[in-house]
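The values are calculated or read from the model by the stated rules, or taken from the named source; none is laboratory data. This is a predicted model, so every value here is computed, not measured. Methodologically, a virtual Cβ is constructed for each residue, glycine included, from the backbone with ideal geometry; neighbour enumeration extends over all protein chains shown. Ligands, DNA and RNA are stripped out before the accessible areas are found, and what is left, the full protein with its side chains, is counted by its heavy atoms. Shrake-Rupley method; radii C 1.70, N 1.55, O 1.52, S 1.80 Å.
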Amino acid sequence: MKKALAAIALGAAAVLTLSGCTDSAAPSATSTATEDAAGGELTTVRVAALPIAETGALWAAMDEGIFEAHGLEIEVVPAQGGANAIPALLSGDIQFAIGQPFGPIRADLQDLGVVIVGNYANSLAEGTDVNAVVALGDSGITRPADLAGKKVSVNTLGAAGDLTIRKAVQDDGGDPSTIEFVEVAFPDVPAQLEAGTMDAAWAPDPFRAMIVGGGGVSVVSPYQATIPGLTVLTNITTQELLDSDPDLVAAYAAAMSEALEWAANNEAAVRTAIATNLEIPEEAAAGITLPEFTWDLAGAGIEELGALAVEFEYIEGEPDYSRLIQQQ
């Protein structure tokens, strides 16, 4: 198990590292024009996204030419989480980010002008979910309460992952205040668990599936246990871009909406894109649990997440949702 997990994790980490190598002279969020094969002008848009299975919808839609049909050329910029991408948004290095909604919640409380313009993917309300807290089979951790007093990794501290884990542990009779959360990038999870540097890890596919498929334990799906169907990823931009270039935002919204609807109906293409971009075997990609791909923010659970954050004192008050959430 150790060798298999380490090999897959190293491959995924290589994808993250290589795709993250950008020229210092790369275009900023100020759009640049290129031409497609037919001679039509395309606008280059830089979008931050995580190197995880959910991004398969974006990769596949790019291969399908959906964004080009809307006059856009997408440059994917790797990110570790939605909160990590916000400084790049504010600096103008990127124009959009696909990430968890908790970063934008915090940003709104600081009046930073960060806006959620659309959904991307929802977790599953029942059955096997797209992310879970996992542990090795010999860890002795089998239920949420067992996480009390343990070291648990998340990709971004102080966000939806550790927040929903705390709630799940509390509901199972454990003391969530005793959990030690550490920040670990998703591709590093298998190797870190094997090295014993943490007791359990919150991870999406394909990393969740790697651990469980290798004899590990799925301890709890924290989204499903706390806010069933909670959005996994949203599309984020800035109020400044909304105001200064509404046509670009409208084009991106139309393209992403079409891309997500197409992805929801073309699962095989999404899985192929996952296998290619994460450099994992096609059979591994075939076993990945896919989320509900949707642009629609209705029922995404963002306000419920904000209320839970107040309850656990992650934030002092809830954001201005009418300003934060602006469905395009």
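Quick notes on this structure:
- Modelled this way, with points 7 Å down the Cα-to-C-beta line, the labels at Asp296 and Asp63 are 2.8 nm from one another.
- Between Ala148 and Ala264, the modelled labels are 4.0 nm apart [label points 7 Å from Cα along Cα→Cβ].
- Computed magnitude of the charge dipole of the chain (debye, nearest 20; Cβ of K, R +1, Cβ of D, E -1): 1000
- Across region 74-186, Cα pairs under 8 Å and at least six residues apart give a relative contact order of 23 percent.
- Peptide ranges 310-320, 105-115 listed from the most packed, as the mean C-beta count within 10 angstrom indicates: 105-115, 310-320
- Percent antiparallel among DSSP beta bridges (both partners in the chain, rounded to 5): 60
- Whole-Å distance, taken between Cα centres, linking region 115-173 and region 220-234: 8
- Per residue value of the accessible surface for the chain (all protein chains in place, 1.4 Å probe), Å²: 40
- Based on alpha-carbon atoms, the Kirkwood radius and the radius of gyration of the chain give Rg/Rh equal to 0.96.
- Helices in the chain, meaning DSSP H runs of at least 4 residues, each add -39500 (n - 2.57). Divided by all residues, the mean residue ellipticity at 222 nm is -11500 deg cm²/dmol.
- The portion of the accessible surface of the chain made up by carbon and sulfur, rounded to a whole percent, is 48 (1.4 Å probe; DNA, RNA and ligands excluded).
- Rounded, prolate or oblate (a/c below 1.5 giving rounded, otherwise prolate when a/b exceeds b/c) for region 179-328 by Cα gyration tensor: oblate
- Region 70-209 - share of DSSP beta bridges that are antiparallel (%, nearest 5): 40
- Ranking Asn266, Tyr252, Leu308 by Cα position along the charge dipole of the chain, where only Lys, Arg, Asp and Glu carry charges on their C-beta atoms, puts Leu308 farthest toward the positive end.
- About its Cα centre, region 87-174 has a charge dipole of approximately 180 debye under the convention of +1 per Lys or Arg Cβ and -1 per Asp or Glu Cβ, with nothing else charged.
- Counting Lys and Arg as +1 and Asp and Glu as -1 over every other residue whose Cβ lies under 12 Å from the Cβ of Gly287, the net charge comes to -1.
- In terms of packing, defined here as the mean over residues of other Cβ atoms within 10 angstrom, the peptides 70-77, 56-63 line up highest first as 56-63, 70-77.
- Karplus-derived 3J(HN,Hα) values for region 185-201, using 6.51 cos²θ - 1.76 cosθ + 1.60 with θ = phi - 60°, are 5, 3, x, 8, 4, x, 5, 5, 5, 5, 6, x, 6, 8, 8, 8, 8 Hz; glycine and proline are entered as x.
- C-alpha long axis of helix 82-91 to longest principal axis of the chain, angle in °: 30
- Spacing of the two label points (7 Å from each Cα toward its C-beta) at Asp247 and Ser322, in nm: 3.1
- Fully extended contour minus Cα-Cα distance, from Thr128 to Val310, at 0.36 nm per residue: 62.7 nm
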